[in-house]
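K.L.:
Handing you this structure, nothing more for now.
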Amino acid sequence: MDNNTDKLAVLIDADNAQPIIVDDLLAEIANYGVASVKRIYGDWTLPGLKGWKEVLLQHSIQPMQQFAYTKGKNATDSAMIIDAMDLLYTDKFNGFCIVSSDSDFTKLASRIREAGLLVYGFGEQKTPSAFVSACDKFIYTEVLRVKTDENQAIVKKSSGELKQDTKLVSLLRNAVDASSDESGWSQLGPVGNNIAKQAPDFDPRNYGYRKLGELVAAINIFEIEERQIGDGNSRSLYVRDKRKK
């Protein structure tokens, strides 16, 4: 899920996203592919969306106007879903980036994945688990705001705090075990791939760490070795559950 040549359609729900994240949002998306289409949906006659104007011009994001025809009904979501299906049927994309914290996009994410395309979700930590699970990978926007909003900084968790997170401990141990050789050692890359399959919303940054290797070292339940691979010019991290000793 890190093919930088993939063509991606980026669809943003303006009602459920903040302009402050856009710089880091697009930088994050660049890790997964090329944002060939960038569209944002909302009723641009409303004053609440005024803060988006400068951001849209700066990043060439196309605003899609959708009037709210009836109170209590989200016409923006419907327009975004219809556009997504139209783009899906063009067969021009490798994946979609859906930027919203709204559970209304759960079925859309599932349908896109059924077609064999990747779905990257971006939303706040309040995002319903159904939408999170429907994506191949889900990134919480709080981690994108760390650079731009000091009030949103994610505190790095200590080793003791990480060990108390039974869900995290189980996730890491299961991934290492599933990727291990007969001696119990696992290369970190396959471990990360296994974690992504188990938990789309897993991200070391949610715990205050930039990379998986840093998080694995901090939790201190694994042995870690750096080994030469191939012709010896490159190195890779290997990990083993300390209980395997």
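K.L.:
Name the residue that is nearest to Lys244 (Cα to Cα), counting only residues in the range 197-230 that are touching a Lys or Arg at 6+ places or on another chain (Cβ under 6 Å) and exposed (fewer than 15 other Cβ atoms within 10 Å of the Cβ).
P.N.:
Top of the filtered list is Glu223.
K.L.:
Of all the strands (runs of 3 or more DSSP E) wholly in the range 1-104, which have at least 2 residues that are over 23 Å from Asp203 (Cβ atoms)?
P.N.:
34-42, 62-65
K.L.:
Just to verify a result, which residue in the range 230-243, among those that are part of a strand (DSSP E or B) and free of Cβ contacts under 8 Å to residues at least 40 places away in the same chain, is farthest from Ser180 (Cα to Cα)?
P.N.:
Ser234
K.L.:
With the condition kept exactly as written, say whether any residue in the range 1-18 is polar (S, T, N, Q) and either closer than 22 Å to Ile195 by Cβ or modelled with pLDDT of 95 or more (or both).
P.N.:
Within the range 1-18 (the criterion being polar (S, T, N, Q) and either closer than 22 Å to Ile195 by Cβ or modelled with pLDDT of 95 or more (or both)), the answer is yes, since at least one residue qualifies.
K.L.:
Looking at the range 64-76, I want the residues that are modelled with pLDDT of 65 or more and among the hydroxyl-bearing types (Ser, Thr, Tyr) and have a partner that is surrounded by 15 or more Cβ atoms within 10 Å (Cβ to Cβ) and assigned to a loop (DSSP other than H, G, I, E, B) with Cβ atoms under 6 Å, at least 6 apart or on another chain. Which pairs are those?
P.N.:
Thr76/Gln66
K.L.:
Just to verify a result, which residue in the range 179-196, among those that are over 21 Å from the mean Cα position of the chain (by Cα) and of a type in the set (S, T, N, Q), is surrounded by the fewest Cβ atoms within 10 Å (Cβ to Cβ)?
P.N.:
The qualifying residue surrounded by the fewest Cβ atoms within 10 Å (Cβ to Cβ) is Ser183.
K.L.:
Another question about this same structure. Filter the range 179-202 down to residues that are out of contact with any helix residue (DSSP H, G or I) (no Cβ under 7 Å at 6 or more places or on another chain), free of Cβ contacts under 8 Å to residues at least 24 places away in the same chain and assigned to a helix (DSSP H, G or I), then give me how many there are.
P.N.:
Residues flagged as out of contact with any helix residue (DSSP H, G or I) (no Cβ under 7 Å at 6 or more places or on another chain), free of Cβ contacts under 8 Å to residues at least 24 places away in the same chain and assigned to a helix (DSSP H, G or I) within the range 179-202 amount to 2.
K.L.:
Give the residue, chosen from Gln58, Gln62, that is touching an Asp or Glu at 6+ places or on another chain (Cβ under 9 Å), among the polar types (S, T, N, Q) and surrounded by fewer than 16 Cβ atoms within 10 Å (Cβ to Cβ).
P.N.:
On inspection, the qualifying residue turns out to be Gln58.
K.L.:
Another one. Select from the range 173-190 the residues that are over 27 Å from Ile98 (Cβ atoms) and hydrophobic (A, V, I, L, M, F, W, C) and list them in ascending order.
P.N.:
Hits for the range 173-190 are Val176, Ala178, Trp185, Leu188.
K.L.:
Let me ask something else about it. Ala35 passes all but one of (1) modelled with pLDDT of 90 or more; (2) over 19 Å from the mean Cα position of the chain (by Cα); which number fails?
P.N.:
Of everything listed in (1) modelled with pLDDT of 90 or more; (2) over 19 Å from the mean Cα position of the chain (by Cα), Ala35 misses just condition (2).
K.L.:
Identify, please: which residue in the range 107-125 is over 17 Å from Ile12 (Cα atoms) and of a type outside the set (S, T, N, Q) and is, among those, surrounded by the most Cβ atoms within 10 Å (Cβ to Cβ)?
P.N.:
Leu117
K.L.:
Regarding Val176, is this residue of a type in the set (Val, Ile, Thr), assigned to a loop (DSSP other than H, G, I, E, B) and over 18 Å from the mean Cα position of the chain (by Cα)?
P.N.:
No: the conditions fail for Val176.
K.L.:
Taking Val34 as meeting all but one of (1) free of Cβ contacts under 8 Å to residues at least 24 places away in the same chain; (2) on the phi < 0 side of the Ramachandran plot, write down the number of the exception.
P.N.:
Failed condition: (1).
K.L.:
Within the set of pairs 6 or more residues apart or between chains, which connect a residue that is free of Cβ contacts under 8 Å to residues at least 60 places away in the same chain inside the range 48-63 to a residue that is part of a strand (DSSP E or B) and among the small types (Gly, Ala, Ser) with Cβ atoms less than 8 Å apart?
P.N.:
Hits for this filter: Leu49/Gly42; Trp52/Gly42; Pro63/Gly42.
The values are calculated or read from the model by the stated rules, or taken from the named source; none is laboratory data. What you see is a predicted model, and the numbers here were worked out from it, not measured in a lab. Here Cβ is always computed from backbone atoms with ideal geometry, including for glycine, and neighbour counts include all displayed protein chains.
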